[in-house]
Amino acid sequence: CVANVASDVIDGNRVDDYIRLGEAADGYARVAKRFNDLAGSTESIQYVYAYRILEDGCHVVFDADTPDTPAGKPGEVVEFDSDFMDWLPDLLAGKEVPPIIAHGQYGWLLTVYKPVYNSQGVCQCYVGVDVSMDHITRNGYEFLARVVSLFFGFFLLLLTAAIWFAEYNIILPINALDLATGSSVYTSDEARANTVQN
């Protein structure tokens, strides 16, 4: 999962420095580049970011650039999305949360949050990856179309084999019998007597 990869590159002990110093923090540029690489790795990924969740909002730690939304600056505070309010107590407590499907201001998205811990095991921030549900749905329909096409292709192959089997094992032998019986026509009593004697 992209969220796991992104969370692995963040040093949980340096999150305070990342927020306070931004690009001047040691290792910040390397992590920011990795986030941008992950955001551009597939068209289904809309956003990749790292936020520290506090009472006053989401404090930007890292934010990948996207064509339609400029990246947030380190320390910038982003308001909570109303779709995440049910999970806010868990996020504030640093707990893991399940993937969340939201239809908010940024579109129809599947959001995966992965906590980043420091060496003492305390959650310092969350890596968030937003995946387009439109893209997931389109991929689902494409997969379904492929499965249906494969099924019909297999069905046609099976039907062709059944017709071939029926023709060579049922129809042709019956036609051969019909042809053989047609040549021994009993048109007279003498012909019938000859057939019985043979």
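For the stretch 76-96, the tally of residues that are under 16 Å from residue 49 (Cα atoms) and either out of contact with any His (no Cβ under 6 Å at 6 or more places or on another chain) or modelled with pLDDT under 90 (or both) stands at 7. Kindly indicate whether any position in the stretch 123-141 is open to solvent by 90 Å² or more (accessible area, probe 1.4 Å), modelled with pLDDT under 90 and not polar (S, T, N, Q). Checking the stretch 123-141: at least one residue is open to solvent by 90 Å² or more (accessible area, probe 1.4 Å), modelled with pLDDT under 90 and not polar (S, T, N, Q). Going through the stretch 35-52 one residue at a time, which ones are assigned to a helix (DSSP H, G or I) and more than 23 Å from residue 91 (Cβ to Cβ)? Hits for the stretch 35-52 are 36, 37.
Summed over the stretch 53-81, residues that are touching a helix residue (DSSP H, G or I) at 6+ places or on another chain (Cβ under 7 Å) and not in a loop (DSSP other than H, G, I, E, B) total 4. Annotation: of all residues in the stretch 36-45 being out of contact with any helix residue (DSSP H, G or I) (no Cβ under 8 Å at 6 or more places or on another chain) and surrounded by fewer than 22 Cβ atoms within 10 Å (Cβ to Cβ), the one that is farthest from residue 11 (Cα to Cα) is 42.
Scanning the stretch 75-121 for residues that are open to solvent by 90 Å² or more (accessible area, probe 1.4 Å) and in contact (Cβ under 8 Å) with a residue 40 or more places away in the chain gives 106, 117. Among the residues of the stretch 26-51, those identified as free of Cβ contacts under 8 Å to residues at least 40 places away in the same chain and out of contact with any strand residue (DSSP E or B) (no Cβ under 7 Å at 6 or more places or on another chain) are 26, 27, 29, 30, 33, 34, 36, 37, 40, 41, 42.
The residues on offer are 14, 20, and the sole one that is surrounded by fewer than 17 Cβ atoms within 10 Å (Cβ to Cβ) and either assigned to a strand (DSSP E or B) or more than 23 Å from the chain's Cα centre (by Cα) (or both) is 20.
The values are calculated or read from the model by the stated rules, or taken from the named source; none is laboratory data. Predicted model only: the values in this text are computed from it and were never measured. Glycine gets a Cβ as well: all are built from the backbone with ideal geometry, and neighbour counts include every protein chain shown. Heavy atoms of the whole protein, side chains included, go into the accessibility calculation; ligands, DNA and RNA do not. Shrake-Rupley method; radii C 1.70, N 1.55, O 1.52, S 1.80 Å.
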